[in-house]
1. Report yes if some residue within the stretch 537-546 is touching a residue at least 24 places away in the same chain (Cβ under 8 Å), in a strand (DSSP E or B) and in contact with a Leu (Cβ under 9 Å, 6 or more places away or on another chain); otherwise report no.
2. Restricting to the stretch 372-386, and then to whatever is of a type outside the set (A, V, I, L, M) and part of a helix (DSSP H, G or I), can you tell me which residue is farthest from Ala315 (Cα to Cα)?
3. Say we look at the stretch 550-567 and pick out the residues that are among the charged types (D, E, K, R) and in a helix (DSSP H, G or I); which of these is farthest from Tyr435 (Cα to Cα)?
4. Go through the stretch 449-462 and give me each residue that's farther than 19 Å from Glu569 by Cα and surrounded by fewer than 21 Cβ atoms within 10 Å (Cβ to Cβ).
5. For Ser432, only one of the following conditions fails: (1) touching a Gly at 6+ places or on another chain (Cβ under 8 Å); (2) surrounded by fewer than 19 Cβ atoms within 10 Å (Cβ to Cβ). What is its number?
6. How many of the residues in the stretch 568-613 are within 14 Å of Val484 (Cβ to Cβ), part of a strand (DSSP E or B) and out of contact with any helix residue (DSSP H, G or I) (no Cβ under 7 Å at 6 or more places or on another chain)?
7. Pick from the stretch 173-198 the residues that are of a type in the set (A, V, I, L, M), in a helix (DSSP H, G or I) and more than 20 Å from the chain's Cα centre (by Cα): which of them is surrounded by the most Cβ atoms within 10 Å (Cβ to Cβ)?
8. Pull out all pairs, ordered by first then second residue, where Cβ-Cβ is under 7 Å, the residues are six or more apart or on different chains, the first lies in the stretch 146-172 and is among the charged types (D, E, K, R), and the second is outside any helix (DSSP H, G or I).
Amino acid sequence: MLTVFQRLEAWFLRRSAMLDHPRAPFYAALLVPLLLALQSLLLGQDDGWDMRNYHLYNPYALLNGRLALDFSPAGFQSYFNPLLDLPYYLLTRYAPGAVAGFVFGWLHGLNFIPLSMLARQLLPERQRAALLLALAGCLGAGFLSELGNSMGDNLTSLLVLWSVLLVLRHGVAASVRTLLLAGLLMGAAAGLKLTNINYAVALCLALLVWPQAFWRRIGLAWWFGVGVLAGLAVTAGWWWATMWRLYGNPLFPQFNDIFRSPLAAQLGVLDTEHLPHTLTEAVFWPFVFTRDIARIAEVPLRQFIWPLLMVLLVAYVARRLWCRYRAVTVTAAATVPAAAQVLLVFTLVAYLIWLKLFSIYRYLVPLELLAPLLVWLLCHGLMTAGRAQRVAGWALTACVLYTLPFVTWGHSGWTAQAFRAEAPQLAQPQASVVYMVRTPMAWLTRFFQPEVAFMAIGSGFPESGAYLQRLRAQAAARTGQHYVMLPAAVNIRQSGAERKLALARALGLTASAADCTRLAGWLGKVRFQVEVQALEAATAAASGQACTLVLQPQYRADLVAEDAALQAEVQGHLAHYGLMLQPAGCRTYPAYVGTEAHPYRLCPVQHLPPVQP
């Protein structure tokens, strides 16, 4: 067995020798982002929950002044800083969907550049290893799951990595200008997406461990912190000021236990369902969420680099403490450079803050990008160089291969227009209200007349009495017809059946009775979820086809019954808000994200008379 591994290592070393060429970093910086952009094209149109909920609505609301008109149609996410989502919204609005997919895949791929520069900084004599470690970082489960989509973690990680690179490259010799720039980048990342604030705090604290005079370390952290505040002001200050002016909470509606705006419940962080339940779980959290990734992610991500990193970090810390206790001199070969120790402290502090506040996997993307490099450094801090290279190399290879095939947050096929929907032309849009009781549907708002107001009720926003009072007052001022928007039932397997039918017709397998018999025989041997159905004579003559493909009985759905069941469920919900749905007036309208259908229903509602005491 060892001979097999040795042969594989020798083969890989021969094949990767080109990475030692002096121009290899330059060509890799061009090629890797391009390859990731092409991979984004292969994945298809972003069709994730967050995109349909608020990544399109928030920039639309910003550009069309809807803050004074709508009430949280995307839930509490309606009030997130829209600046990060603006480029994706504009690209998909004015360019074909595939262009946005390529551009964002390429932008996400640019993470390879600061990552490879940082690896070469920490491994100055190991260019090949540095490039491979940077590539391994870009093949993490979380990063790949968001490749080319609108979620923002892969985009803000660029700013985080450049900030870390600037700090570690200049070290204790960093000038005030460098520290301010590094802080500005990190603050900008946190301002664009507040879940990056843990990285700003972590790097500021990590600067205190540089082997330098105490006041010099304080100075490094101080100027970096000033830069962070400047970055926050640039990317989020204007938005926080707007939230404060309108709602009395710059982070509205989150952290309202601190700011106490009357327009939201007195709650802190609103998304806490992913946090560990016990102290024991928190201590062993990487093992817990690797075993059950649903604890921190809504999609089945495959990874085990975090337990590996935790074991190595604990072993390294234990070894250093033991050596200090026993007064054993640690050889240079068994330590990590000072800059790498700062990176380890940054990672540990950022992870602990993430664990306490969020514990949502996608917010770990910057650390996941750094994880292979950290594994390599820790192995070299625990073992001899030869053994460390072999252990780290095989462990990281296994980690990368284990992520494949990777999963994403949802995609559909490309179309020239990324988002399409039909909306009725309301007779009195300036006097109409559309209530929203389900998410994610806020992406549909831009297809309606701009005068229509959208108001969410009971859809996840932490409503307060004052919030409901204001909502009801503005709704009452609109004397036209009011509606409720509901998702229409759709069989997600139907689009697959239609693609299979199109392929069968292109191959000429439905043109005659003999072809249909042959097709039925083939389908009986594979699990394609469809079966052959003969067409009536008149239909066959008109279409020139003898048969069609339909879903097998177990995969069919009664969409009418599903719509009726949802209406009945919503009816009780609306009654709590003094509304009653009128089923006879419901109409279904088509809507698409790429090739994927997301139809919706619009049903008129009437106001119930107030209950007499």
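1. no
2. Restricting to residues being of a type outside the set (A, V, I, L, M) and part of a helix (DSSP H, G or I), the top hit is Gly386.
3. Applying the filter and picking the extreme gives Glu562.
4. Once the filter is applied, which keeps residues that are farther than 19 Å from Glu569 by Cα and surrounded by fewer than 21 Cβ atoms within 10 Å (Cβ to Cβ), the stretch 449-462 yields Gln449, Pro450, Glu451, Pro462.
5. Exception for Ser432: condition (2).
6. The number of residues fulfilling the criteria is 7.
7. Ala182
8. So the pair list comes out as Glu146/Trp409; Asp153/Glu146.
The values are calculated or read from the model by the stated rules, or taken from the named source; none is laboratory data. Small disclaimer: the values here were computed from a predicted structure and weren't measured. Please note: Cβ atoms are built from the backbone with ideal geometry, for glycine as well, and neighbour counts cover all protein chains shown.
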